[in-house]
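Quick notes on the structure that follows.
The values are calculated or read from the model by the stated rules, or taken from the named source; none is laboratory data. Here the structure is a predicted model, which is why all the values come from computation and not from measurement. Positions of Cβ are generated from backbone atoms using ideal geometry, with glycine treated the same way; all protein chains shown enter the neighbour counts. Just the protein is used for accessible areas: all its heavy atoms, side chains included, with ligands, DNA and RNA removed. Shrake-Rupley method; radii C 1.70, N 1.55, O 1.52, S 1.80 Å.
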Amino acid sequence: MKLSSTLQTLLEDYQDQPLAIGTLLERTGAEGFGILSGLLTVPMLIPLPIPLPGLSALMGIGTLLLGGQLAMGATQPWLPKKFTQVELSPEFSRGLLKNLNRALRPVEKFACTRYVRVSHNLGLRRFLGFCMAWNALLMSLPLPIPLTNLLPAYSIETLVIGLLEADGILMLIGFAMTAITTVFFVSIAGTIWLLLIEVLKQLNF
């Protein structure tokens, strides 16, 4: 089943009541690595009001933890109790439902099971977890630059869909997107560093 269809079913079941992250964790089982990471990243792809201050950073941390566990070879996802108690409001769930297909369709229409030597390789699956965690870290950085969360968010979604669909090509594309994202953020860091040096020179430091 496509990630968007799985998320749509989960969100529809709770669109009139709060949905706890812990409930999702219980319902998704071993696939929770991909499904939960996909859900936590979708709000970064669409213009959707975040219902709780700091929730965007919390979502990034959640994806980082899930990716880290996958990188370490875990077979079942785990999140801290305080995180599992976080609830998504019915309004937030309905907003996600409204934009879900638009956010995920560009990647999903390309996905299918193929290159299983890549998708079933345990070493590459662990590397995929590392890439998820790294992108989540970059996505969570409080940079005052518009749209800097989009590239790492789409990298995560590409990796997640590749994982869930056992699509080796999509996983490889996700690895390439992670490399591009890293270069992009390194260039931003380099520019900020050069500007800082210039400012310090102007101040005669």
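What's the extension gain from LYS98 to LEU172 if we count 0.36 nm per residue and subtract their Cα-Cα distance?
Working: separation 74, 0.36 × 74 = 26.64 nm, distance 2.95 nm.
Fully extending the segment from LYS98 to LEU172 adds 23.7 nm.
Please label the shape of the range 3-157 as rounded, prolate or oblate, based on the square roots a ≥ b ≥ c of the eigenvalues of the alpha-carbon gyration tensor (a/c under 1.5 means rounded; beyond that, a/b larger than b/c means prolate, else oblate). It is rounded, given that a/c, with a ≥ b ≥ c, falls under 1.5. The packing ranking of peptides 122-133, 182-193, highest mean first, is 122-133, 182-193, where packing means the average number of other beta carbon atoms within 10 angstrom of each residue. Here the accessible area of the range 92-199 is 72 percent carbon and sulfur, with a 1.4 angstrom probe and all protein chains present. Under a plain spin-label model, where a point goes 7 Å from the Cα along Cα-to-Cβ, how far apart in nm are GLU12 and GLU26? Going by the 7 Å Cα→Cβ label model, 2.2 nm.
Residues in the chain average 52 Å² of solvent-accessible surface per residue, probe 1.4 Å, ligands and nucleic acids excluded.
In the chain, the DSSP-assigned H stretches of four residues or longer account for a calculated mean residue ellipticity at 222 nm of -22500 deg cm²/dmol, using -39500 (n - 2.57) per stretch and the full residue count as denominator.
Grab the beta carbon distance between ARG117 and VAL183, set R0 = 22 Å, and tell me the FRET efficiency rounded to 0.05. Walk me through the numbers before you get to the answer.
Details: r = 27 Å, r/R0 = 1.25.
Efficiency computed from Cβ-Cβ geometry: 0.20.
Summarising the label geometry, the points placed 7 Å from Cα in the beta-carbon direction at LEU141 and ALA57 lie 1.6 nm from one another. Between the C-alpha center of the range 7-43 and that of the range 105-127 there is a gap of 21 Å.
Accessible area, 1.4 Å probe, largest first: how do ILE197, ILE161 sort?
Values: ILE197 60, ILE161 5 Å².
Sorted by accessible area, descending: ILE197, ILE161.
Modelled label positions at ILE197 and GLN76, each set 7 Å beyond Cα in the direction of Cβ, lie 5.2 nm from each other. Taking amide H positions as modeled 1.01 Å from N, with prolines and chain starts lacking one, the residues under 5 Å from ASP167 and 5 or more places away or on another chain are ARG114. State whether the range 100-143 is rounded, prolate or oblate according to the following rule on the C-alpha gyration tensor (a ≥ b ≥ c being the square roots of its eigenvalues): a/c under 1.5 gives rounded; otherwise a/b larger than b/c gives prolate, and the remaining case gives oblate. The shape class here is oblate.
Residue by residue, the range 196-203 carries 3J(HN,Hα) couplings of 5, 4, 5, 5, 5, 5, 5, 8 Hz when phi is fed to the Karplus relation 6.51 cos²θ - 1.76 cosθ + 1.60 (θ = phi - 60°); x denotes Gly or Pro. When only Cα pairs below 8 angstrom with a gap of at least 6 residues are kept, the range 20-146 shows a relative contact order of 38 percent.
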